[in-house]
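What follows is a short report on a single structure.
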Amino acid sequence: MSGAPADLDALRRAADSALARPGCRWRRALVFEACASTQDAALDACAGEPGLVVVAGRQTSGRGRLGRTWHDESGLGLALTCVLPAGAGAISLAAGVAAFRTVTSLGAPRIGLKWPNDVVERDGLRRKLAGVLIEVRAGVALLGVGLNVLQRGADWPRPLDGRAVSLRELGLAVTRAEALVALLASLDDALSSSESPEGERSILAEWAAADVLTGTEQEFEHDGTRVRGIVRSIDPLRALVVAAPSGDVSLPASSTSLVKQ
């Protein structure tokens with residue numbers, strides 16, 4: 001796809017609108033026609049200071065958790081990175097819940113959270129609607145979110161066929177600008193809640209209610225070893241407990257990955 005995305009000006013207006021929200025933690029927004037990664041662009045532009053939001057009309061080398069990629073070259077999804085203080089609350093937990101709140105507020109039906117923080121369909125193939133990446137670099141936390149908005153079936157590359165879904169494919173007439181305003185508001189609210197013990201408990205309860213993995217059979221990898229079994233419990237801030245054939249195994253949440261099925 002060549003040329004500037006048609007809704008680039010709308011994305012800029014939406015970012016400005018989101019920053020005008022009373023009490024908003026975001027102080028500055030940059031909307032690029034295209035960039036390799038919003039994570040890298042945000043780090044380059046923030047000068048080590050939190051409060052910046054970077055949005056890409058197209059993202060050509062997006063990445064996900066544990067070195068995976070995030071496909072968003074078509075200019076049909078929403079890709080952004082928010083710069084936060086490195087020690088600000090339970091960022092990953094709040095970001096996953098915020099992405100979940102965003103798509104449900106926009107009308108997405110039967111949506112859940114797949115550990116660690118993927119927003120997926122609750123039923124069927126559990127296709128992925130949104131994902132979160134947290135990186136701590138140069139003294140700041142880079143909170144990246146990718147949300148599939150306008151894609152149709154033919155827009156997905158073969159590896160994502162049957163694995164990804166967009167708001168449009170779920171029957172929702174939502175623009176990227178509308179999704180951006182909703183996402184930034186949800187992120188602001190969830191991050192604020194996560195900064196207090198009571199708020200963190202509330203966010204954890206919301207995450208648990210949306211969890212789609214507990215009670216299912218899954219395979220995880222940690223430190224080069226794979227563990228397969230029924231997921232007994234997930235604490236997204238601490239550990240997963242898996243009922244393996246040899247007995248219950250506790251896996252650290254921060255360094256364990258879910259093996260793709």
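Side notes on the structure shown:
- Condition met for Val181 (at pLDDT 95 or above and not assigned by TED's automatic domain parsing to the domain that holds Cys24): no
- Pairs linking a residue in the range 7-23 that is within 14 Å of Asp188 (Cβ to Cβ) to a residue that is of a type in the set (Phe, Trp, Tyr), with Cβ atoms under 9 Å and 6 or more positions apart or on different chains, are Ala15/Trp26; Ala18/Trp26; Leu19/Trp26.
- Yes/no for Arg65 being assigned by TED's automatic domain parsing to the domain that holds Ser92, modelled with pLDDT of 95 or more and surrounded by fewer than 22 Cβ atoms within 10 Å (Cβ to Cβ): no
- Selection count, the range 215-233, where residues are of a type outside the set (D, E, K, R) and either loosely packed, with under 14 Cβ neighbours inside 10 Å or closer than 14 Å to Ser255 by Cα (or both): 7
- Extreme residue, modelled with the lowest pLDDT, among residues of the range 233-261 that are charged (D, E, K, R) and closer than 26 Å to Leu129 by Cβ: Lys260
- Under the condition of being aliphatic (A, V, I, L, M) and in contact with a Leu (Cβ under 9 Å, 6 or more places away or on another chain), the residues counted in the range 214-230 number 1.
- Restricting the range 41-57 to residues that are surrounded by fewer than 19 Cβ atoms within 10 Å (Cβ to Cβ) and hydrophobic (A, V, I, L, M, F, W, C), the residue that is modelled with the highest pLDDT is Ala45.
- If you check Thr60, Thr38 for being buried (at least 19 other Cβ atoms within 10 Å of the Cβ) and either more than 17 Å from Ala185 (Cβ to Cβ) or without any contact (Cβ under 8 Å) to a residue 60 or more places away in the chain (or both), only one passes: Thr38.
- Residue under evaluation Val249, criteria (1) without any contact (Cβ under 8 Å) to a residue 24 or more places away in the chain; (2) within 17 Å of Leu113 (Cβ to Cβ); (3) β-branched (Val, Ile, Thr); (4) buried (at least 17 other Cβ atoms within 10 Å of the Cβ), criterion not met: (2)
- Residue count for the range 1-29 satisfying the condition of being at pLDDT 90 or above, over 19 Å from Leu52 (Cβ atoms) and loosely packed, with under 14 Cβ neighbours inside 10 Å: 2.
- Test: residue in the range 90-108 that is part of a strand (DSSP E or B), under 30 Å from Asp9 (Cβ atoms) and at pLDDT 90 or above: no
- Total residues in the range 35-58, condition more than 18 Å from Cys24 (Cβ to Cβ) and either in contact with a Cys (Cβ under 6 Å, 6 or more places away or on another chain) or not assigned by TED's automatic domain parsing to the domain that holds Val132 (or both): 2
The values are calculated or read from the model by the stated rules, or taken from the named source; none is laboratory data. As the structure is a prediction and not an experimental result, all values here were calculated from the model. Note that we place each Cβ from the backbone using ideal geometry, even for glycine, and neighbour counts take in every protein chain shown.
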